[in-house]
Amino acid sequence: DVLSITDSTNSQLMQRLQQGESLPAGQVLVSEAQTAGRGRHGRQWFSPFAASLSFSMVWQLEQGIQAAMGLSLVIGVAVAELLENDYQLAVQLKWPNDVYWTGKKLAGILIELSGQSDGRCQLVIGIGINVQLPPQQAAQSISQPWTDLATAVGTLDRNRLVARLQASCTRHLERFEQTGFAAFQAEFNRRQLYPQQAVRLTQGQQVIRGICHGVDAQGNLVLEQQGKKLAFHGGELSLRAE
Ligand code: ATP
């Protein structure tokens, strides 16, 4: 489905699923603009008219929610591969859910669980890609360095991008279901944003500092502290460079 404006493509699909509508895995909703685009923890995602791509897709995992760990990393790899192959754009991935180019945020990923039954879980996978943001408005709405595809690759065909995104996500998700995250570990790590760099991981007031070693075979973030490697996971964590 294609909308010209909506609150949030993820919210729309989540509502439809929670009202009992049966939507097949792979069903996609895109919108030209979102009035209430969301990031993690209720943060706002700036997605004004025709300036960004708001893409959401329904998916089902046979293995239940435990298997969903690492899913946002797999989607990050799917987006990165697409941008590399189709637009010769080398991007970096920031654990757990962001796509960067030249140190600035180009796209974000938001995965939400809509329900579980019979050991399976139903998810909505959201991807927001900046296409050509209005700089002044963006400066007021985004609290960190950002970039867009117009800067990185120039003008592009949005319809083609949507079709390729759907294909790339589907292909990676099917592979993920067969192999689990381990098969994607190296693909994530070779694109990680802070390889061997000093970083800090924050959770509310709590701050953990260390050297970033990418992710382990389960998709946990690995930090080295005083020669010891520790693995972290959990939705509330945010990674930043020191
Ligand atoms: P984390 O590292 O925890 O993911 P984050 O700041 O990247 O932190 P997200 O929830 O992924 O958090 O995204 C929301 C944040 O992204 C907002 O707080 C805002 O600073 C920034 N943001 C909002 N819209 C955009 C956009 N179109 N492009 C780039 N960044 C954006």
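Data table
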item: Helices (runs of 4 or more DSSP H) enclosed by segment 129-216 - at least 1 residues per element that are among the acidic types (Asp, Glu); result: 158-179, 185-189
item: Subset of segment 209-242 [within 16 Å of the ligand (Cβ to nearest atom) and open to solvent by 30 Å² or more (accessible area, probe 1.4 Å)]; result: ARG209, PHE232, HIS233, GLY234, GLY235, GLU236, ARG240, ALA241, GLU242
item: Matching residues in segment 64-79 - criterion: being crowded, with 18+ Cβ neighbours inside 10 Å and of a type outside the set (A, V, I, L, M); result: GLY70, SER72, GLY76
item: Breaking point among (1) within 16 Å of the ligand (Cβ to nearest atom); (2) not in a loop (DSSP other than H, G, I, E, B), for PHE46; result: (2)
item: Test for ILE75: is it within 29 Å of GLN140 (Cα to Cα), of a type in the set (Val, Ile, Thr), within 13 Å of the ligand (Cβ to nearest atom) and modelled with pLDDT of 95 or more; result: yes
item: Per-region count, segment 140-179, residues within 26 Å of ARG43 (Cβ to Cβ), open to solvent by less than 70 Å² (accessible area, probe 1.4 Å) and without any contact (Cβ under 8 Å) to a residue 24 or more places away in the chain; result: 1
item: Selection count, segment 7-41, where residues are over 30 Å from GLY204 (Cα atoms) and within 16 Å of the ligand (Cβ to nearest atom); result: 4
item: Answer residue from segment 122-137, given it is out of contact with any Ser or Thr (no Cβ under 8 Å at 6 or more places or on another chain) and more than 18 Å from SER31 (Cβ to Cβ) and is farthest from the ligand (Cβ to nearest atom) among those; result: GLN136
item: Residue that is farthest from ALA231 (Cα to Cα) [pool: residues in segment 92-114 that are within 11 Å of the ligand (Cβ to nearest atom) and part of a loop (DSSP other than H, G, I, E, B)]; result: ASN97
item: Failed item, numbered, when GLY26 is tested on (1) surrounded by fewer than 18 Cβ atoms within 10 Å (Cβ to Cβ); (2) in a helix (DSSP H, G or I); (3) in contact (Cβ under 8 Å) with a residue 12 or more places away in the chain; result: (2)
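The values are calculated or read from the model by the stated rules, or taken from the named source; none is laboratory data. Note that the structure is predicted; figures quoted are calculated from it, not measured. In this analysis, Cβ positions are derived from the backbone assuming ideal geometry, glycine residues included, and neighbour counts consider all displayed protein chains. Accessible surface is based on the protein model in full, side chains and every heavy atom, while ligands, DNA and RNA are left aside. Shrake-Rupley method; radii C 1.70, N 1.55, O 1.52, S 1.80 Å.
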